[in-house]
Amino acid sequence: APHVAGVAALMKEAKTDWSAWQIKSAMMNTSVDLADPVSAQVPRQGAGRVDALEAIKTNVVAYGDPKLISLSWGVIEISDDFEDTQMITVQNLNDHPVNLDIDSFFTSDDIGATISTAFKKVILPPHSMSQVEVTLSLDASMLPIGFGDMEEYYGYVTFEDKDDHHLRVPFYFVPRPY
């Protein structure tokens, strides 16, 4: 969309040393829901509506896949319990340390699925980065298996502190029985 390209251009002008993926991360991490956070549908709204001011103000970014920014397990062929771990990299581009609380939540149903992080807090010195393990666990016995019952699962891993950093990384997966 033209307004997103405009925000990206403004960000590149304001943060000349940032890479394209850092700019994309900032725009996605600080976006706001098109609906209330509990019913926001990641497959339909993406990360949300770009908040240009928050994207420019942030000096902390988080990303899963550097190309996607989000975490995606895609379609998961499941016949038994499933577990897989992906990484989110959190980067502090500030001149001061940042202490972030980590959480995750589904905005879809979560029947038979859990998303967990290896720890609940990350402390980043100035100009540093850290990786956070995010584990998806599926209990095959609890997943709905009727025709048309299997749905998309999605939500966010969040990083927040008392200094007004509110970042989120979308996640998405679709379990299918085979």
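Which residues, counting only those in region 9-20, are assigned to a helix (DSSP H, G or I) and crowded, with 17+ Cβ neighbours inside 10 Å?
The first filter runs over region 9-20 and keeps only residues assigned to a helix (DSSP H, G or I), leaving 9-14, 20.
The one that is assigned to a helix (DSSP H, G or I) and crowded, with 17+ Cβ neighbours inside 10 Å: Met11.
Kindly indicate whether any position in region 158-166 is farther than 30 Å from Leu53 by Cα, of a type in the set (Phe, Trp, Tyr), open to solvent by less than 10 Å² (accessible area, probe 1.4 Å) and not in a loop (DSSP other than H, G, I, E, B).
no
Give just the number: which of (1) at pLDDT below 85; (2) surrounded by fewer than 15 Cβ atoms within 10 Å (Cβ to Cβ); (3) touching a strand residue (DSSP E or B) at 6+ places or on another chain (Cβ under 9 Å) does Asp84 not satisfy?
With respect to (1) at pLDDT below 85; (2) surrounded by fewer than 15 Cβ atoms within 10 Å (Cβ to Cβ); (3) touching a strand residue (DSSP E or B) at 6+ places or on another chain (Cβ under 9 Å), Asp84 is out only on (1).
Return yes when Ile123 is assigned to a loop (DSSP other than H, G, I, E, B), open to solvent by 80 Å² or more (accessible area, probe 1.4 Å) and either closer than 25 Å to Ala20 by Cβ or β-branched (Val, Ile, Thr) (or both) and no when it is not.
Details: assigned to a loop (DSSP other than H, G, I, E, B): no; open to solvent by 80 Å² or more (accessible area, probe 1.4 Å): yes; either closer than 25 Å to Ala20 by Cβ or β-branched (Val, Ile, Thr) (or both): yes.
Here the answer is no, as Ile123 does not meet what is asked.
Could you tell me which of the residues Ser116, Ser130 is modelled with pLDDT of 95 or more, in a strand (DSSP E or B) and within 14 Å of the chain's Cα centre (by Cα)? Talk me through it step by step, then tell me what you get.
Details: Ser130 fails: within 14 Å of the chain's Cα centre (by Cα).
Result of the check over Ser116, Ser130: Ser116.
Please identify the pairs in which a residue from region 69-96 that is assigned to a strand (DSSP E or B) has its Cβ atom under 8 Å from the Cβ atom of a residue that is open to solvent by 50 Å² or more (accessible area, probe 1.4 Å) and hydrophobic (A, V, I, L, M, F, W, C), counting only partners at least 6 apart or on another chain.
From residues that are assigned to a strand (DSSP E or B), the pairs are Ile76/Phe82; Thr89/Met129; Val90/Met129; Gln91/Met129; Asn92/Met129.
Restricting attention to region 67-81, which residues are open to solvent by less than 70 Å² (accessible area, probe 1.4 Å) and not β-branched (Val, Ile, Thr)?
Pass one, region 67-81, residues open to solvent by less than 70 Å² (accessible area, probe 1.4 Å): 69-74, 76, 78.
Matches in region 67-81: Ser70, Leu71, Ser72, Trp73, Gly74.
I'd like the full set of residues that are under 14 Å from Asp65 (Cα atoms) and outside any helix (DSSP H, G or I), limited to region 21-30.
None - no residue of region 21-30 is under 14 Å from Asp65 (Cα atoms) and outside any helix (DSSP H, G or I), so the list stays empty.
Given the condition under 29 Å from Ser141 (Cβ atoms), of a type in the set (Gly, Ala, Ser), open to solvent by less than 70 Å² (accessible area, probe 1.4 Å) and in contact with an Asp or Glu (Cβ under 9 Å, 6 or more places away or on another chain), answer yes or no: does some residue in region 100-112 qualify?
Of all residues in region 100-112, those under 29 Å from Ser141 (Cβ atoms) come to 102-112.
Those still in the list that are of a type in the set (Gly, Ala, Ser) too: 104, 108, 112.
From what is left, the residues that are open to solvent by less than 70 Å² (accessible area, probe 1.4 Å) are 104, 108, 112.
Next, only the ones that are in contact with an Asp or Glu (Cβ under 9 Å, 6 or more places away or on another chain) stay: 108, 112.
Yes, that holds for at least one residue.
The values are calculated or read from the model by the stated rules, or taken from the named source; none is laboratory data. Given the structure is predicted, the values throughout are model-derived calculations rather than measurements. With ideal geometry, Cβ positions are generated from the backbone for all residues, glycine too; neighbour counts draw on all protein chains shown. Protein only, heavy atoms only, side chains kept; ligands, DNA and RNA dropped before computing areas. Shrake-Rupley method; radii C 1.70, N 1.55, O 1.52, S 1.80 Å.
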